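Trainee: Just dropping this structure here.
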Ligand SMILES: Nc1nc2c(ncn2[C@@H]2O[C@H](COP(=O)(O)OP(=O)(O)OP(=O)(O)O)[C@@H](O)[C@H]2O)c(=O)[nH]1
Ligand SMILES: [Mg+2]
C-alpha cells in the first residue's frame, strides 16, 4: 500500500509526513532527476503502508521537472492524501479537482487550520466533504492536531480501492 502526500508547495506536506511516519525515513532522488523524494512507513491496521512525500505541484499538467515527478508518482500510488492550505482554499482546490478526476482515491487534509482560524476564515468542512465527495480532515501539522482523525479515516478511503 502506497500513500502519496500531494499538494501545492509549502502547504505542510512534509510536516504531515513527519507526523505520519517514524524515524526510518529514506531520502532519495527520483531516478534520473535531482527531484527529492522522501519515503517512510506507517502502521495502518495490521499492515505497513509506505508514505511518500511527493514534490509540491499546482497542477497535474506539469510545467516543471518536480511536477512531472508528482504526476509520475500519482500513477504508482494507491491513495492520495491531498494536503490543502485552509488559508488559501481556492488556489489549493484547483489541484484537488484535478486529482478527483483521476482513479486514485483521495482524502483531503485541510492543513493550516490554526492559521485559518487566526485569520477568521470559516470553512464548512461538512459541506466541503459533500461537494468534493471525499473525506476532509482539518489538521494542524505543526502541533499534530487532527492527525489522528485523518488517519482514522484512511481505511475507509483505502477500501474504495478494492470495491
Ligand atoms: N501554522 C501552521 N504552520 C504549518 C502547518 N503545517 C506546516 N506549517 C509550516 O509551514 C511551512 C511549510 O511546511 P512544509 O511541511 O515544509 O510544507 P511542504 O508542503 O512540505 O512544502 P514544500 O515541500 O516546499 O512543497 C513550515 O514552516 C511549517 O512549519 C500548520 O498546520 N499550521
Ligand atoms: Mg516538503
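The values are calculated or read from the model by the stated rules, or taken from the named source; none is laboratory data. Given the structure is predicted, the values throughout are model-derived calculations rather than measurements. All Cβ positions, even for glycine, are placed from backbone atoms using ideal geometry, and neighbour counts span all protein chains on display.
Trainee: What do you reckon, is residue 103 surrounded by 13 or more Cβ atoms within 10 Å (Cβ to Cβ) and free of Cβ contacts under 8 Å to residues at least 12 places away in the same chain? Explain how you work it out, then say what you get.
Mentor: Numbers: surrounded by 13 or more Cβ atoms within 10 Å (Cβ to Cβ): no; free of Cβ contacts under 8 Å to residues at least 12 places away in the same chain: yes.
It is false that residue 103 is surrounded by 13 or more Cβ atoms within 10 Å (Cβ to Cβ) and free of Cβ contacts under 8 Å to residues at least 12 places away in the same chain.
Trainee: Can I ask one more? Go through (1) outside any helix (DSSP H, G or I); (2) surrounded by fewer than 19 Cβ atoms within 10 Å (Cβ to Cβ); (3) in contact with a helix residue (DSSP H, G or I) (Cβ under 7 Å, 6 or more places away or on another chain) for residue 38 and report which single condition fails.
Mentor: (2)
Trainee: Next up: Out of all the residues in the stretch 14-22, is one or more on the phi < 0 side of the Ramachandran plot and over 14 Å from the mean Cα position of the chain (by Cα)? Outline the logic, then answer.
Mentor: Initially, the stretch 14-22 is screened for residues on the phi < 0 side of the Ramachandran plot, giving 14-22.
Imposing the further condition that a residue be over 14 Å from the mean Cα position of the chain (by Cα) reduces the set to 22.
Scanning the stretch 14-22, I find at least one residue that is on the phi < 0 side of the Ramachandran plot and over 14 Å from the mean Cα position of the chain (by Cα), so the answer is yes.
Trainee: Just checking, which of 79, 71, 11 is over 23 Å from residue 146 (Cβ atoms) and under 14 Å from the mean Cα position of the chain (by Cα)? Steps first, please.
Mentor: Working: 79 fails: over 23 Å from residue 146 (Cβ atoms); 11 fails: over 23 Å from residue 146 (Cβ atoms).
Step by step, each of 79, 71, 11 is checked, and only 71 is over 23 Å from residue 146 (Cβ atoms) and under 14 Å from the mean Cα position of the chain (by Cα).
Residues checked against (1) in a loop (DSSP other than H, G, I, E, B); (2) buried (at least 16 other Cβ atoms within 10 Å of the Cβ); (3) touching a helix residue (DSSP H, G or I) at 6+ places or on another chain (Cβ under 6 Å):
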position: 11; (1), (2), (3): yes, yes, no
position: 16; (1), (2), (3): no, yes, no
position: 27; (1), (2), (3): no, no, no
position: 42; (1), (2), (3): no, yes, yes
position: 55; (1), (2), (3): yes, yes, yes
position: 82; (1), (2), (3): no, yes, yes
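Trainee: Please find, within the stretch 54-98, the residue that is modelled with the lowest pLDDT out of those that are touching a strand residue (DSSP E or B) at 6+ places or on another chain (Cβ under 6 Å) and over 23 Å from residue 155 (Cα atoms).
Mentor: 92
Trainee: Which residues, counting only those in the stretch 14-38, are away from ligand 2 (no atom under 15 Å from the Cβ) and within 20 Å of residue 147 (Cα to Cα)?
Mentor: 22, 23, 24
Trainee: Any residue in the stretch 110-120 that is more than 15 Å from ligand 1 (Cβ to nearest atom), in contact (Cβ under 8 Å) with a residue 60 or more places away in the chain and closer than 24 Å to residue 159 by Cα?
Mentor: Within the stretch 110-120, not a single residue is more than 15 Å from ligand 1 (Cβ to nearest atom), in contact (Cβ under 8 Å) with a residue 60 or more places away in the chain and closer than 24 Å to residue 159 by Cα.
Trainee: Condition first: surrounded by fewer than 15 Cβ atoms within 10 Å (Cβ to Cβ) and in contact (Cβ under 8 Å) with a residue 60 or more places away in the chain. Now tell me which residues in the stretch 57-76 satisfy that.
Mentor: Initially, the stretch 57-76 is screened for residues surrounded by fewer than 15 Cβ atoms within 10 Å (Cβ to Cβ), giving 59, 61, 63-65, 75-76.
Answer for the stretch 57-76, where residues must be surrounded by fewer than 15 Cβ atoms within 10 Å (Cβ to Cβ) and in contact (Cβ under 8 Å) with a residue 60 or more places away in the chain: just 76.
Trainee: Which of the residues that make up the stretch 44-53 are in contact with a helix residue (DSSP H, G or I) (Cβ under 7 Å, 6 or more places away or on another chain) and either surrounded by fewer than 18 Cβ atoms within 10 Å (Cβ to Cβ) or farther than 23 Å from residue 84 by Cβ (or both)? Even if it seems obvious, please write down each step before you answer.
Mentor: Filtering the stretch 44-53 down to residues in contact with a helix residue (DSSP H, G or I) (Cβ under 7 Å, 6 or more places away or on another chain) leaves 44-45, 51-53.
Of everything in the stretch 44-53, those that are in contact with a helix residue (DSSP H, G or I) (Cβ under 7 Å, 6 or more places away or on another chain) and either surrounded by fewer than 18 Cβ atoms within 10 Å (Cβ to Cβ) or farther than 23 Å from residue 84 by Cβ (or both) turn out to be 44, 45.
Trainee: Exactly one of (1) in a helix (DSSP H, G or I); (2) within 13 Å of residue 16 (Cα to Cα) is unmet by residue 142. Its number?
Mentor: Only one criterion in (1) in a helix (DSSP H, G or I); (2) within 13 Å of residue 16 (Cα to Cα) is unmet by residue 142, namely (1).
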